[in-house]
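One structure is given below, encoded as structure tokens.
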Amino acid sequence: MISLAIHDALVAFDAQMRGHGVIGYNGLNSLCRDFEDEVEVVKADLGPRHAYGVCQLRRQVILLDVNLDVSQEQRTLIHEVAHWLAYKVYGDRGHGRFWRRTMRWLGDDGWKRYVNSPEEMAAEEHDV
Ligand SMILES: [Zn+2]
């Protein structure tokens, strides 16, 4: 298990995303500045049920699976950071309109693959 401060995770993310036309670390960092001491990024073997990542809002932890390749890890981190920000800024859980808006703002079109189920809207935390 590897535990990263969200700052370190975002630095690593930015190093990979430069030149890809997404907001990258600087934008994310300014957005996360108020939260970076609140949320921890942990890489762990999540097993088959948690294939990519989890944003645990109550525990204030973003889990990333250790078996992801670099591209998967980047997109999963964006996905989970978007959950964190959508919750903190808008009080939005799941893949609702504020999460989707946050994803668009972060430059990731992965939001298109998600719809919000009633179960998900009621869930305290959920998987990718
Ligand atoms: Zn999700």
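The values are calculated or read from the model by the stated rules, or taken from the named source; none is laboratory data. Note that the structure is a prediction, hence the values are computed from the model and not measured. Glycine gets a Cβ as well: all are built from the backbone with ideal geometry, and neighbour counts include every protein chain shown.
Per the listing Val115, Val89, the residue uniquely outside any helix (DSSP H, G or I) and at pLDDT below 80 is Val115.
The residue pairs whose first member lies in the range 85-111 and is farther than 19 Å from Val39 by Cβ, whose second member is away from the ligand (no atom under 14 Å from the Cβ) and outside any loop (DSSP other than H, G, I, E, B), and whose beta carbons are closer than 8 Å, counting only pairs six or more residues apart or on different chains, are Trp111/Arg104. When we screen Arg75, Arg58 for residues that are surrounded by fewer than 23 Cβ atoms within 10 Å (Cβ to Cβ) and at pLDDT 85 or above, the only hit is Arg58. All of Ala51, Ala86, Ala82 fail the test of being in contact with a Leu (Cβ under 7 Å, 6 or more places away or on another chain) and of a type outside the set (Val, Ile, Thr), apart from Ala82.
If the condition is being in a helix (DSSP H, G or I), without any contact (Cβ under 8 Å) to a residue 40 or more places away in the chain and either within 12 Å of the ligand (Cβ to nearest atom) or not hydroxyl-bearing (Ser, Thr, Tyr) (or both), then the range 36-84 contributes Gln72, Glu73, Arg75, Ala82, His83.
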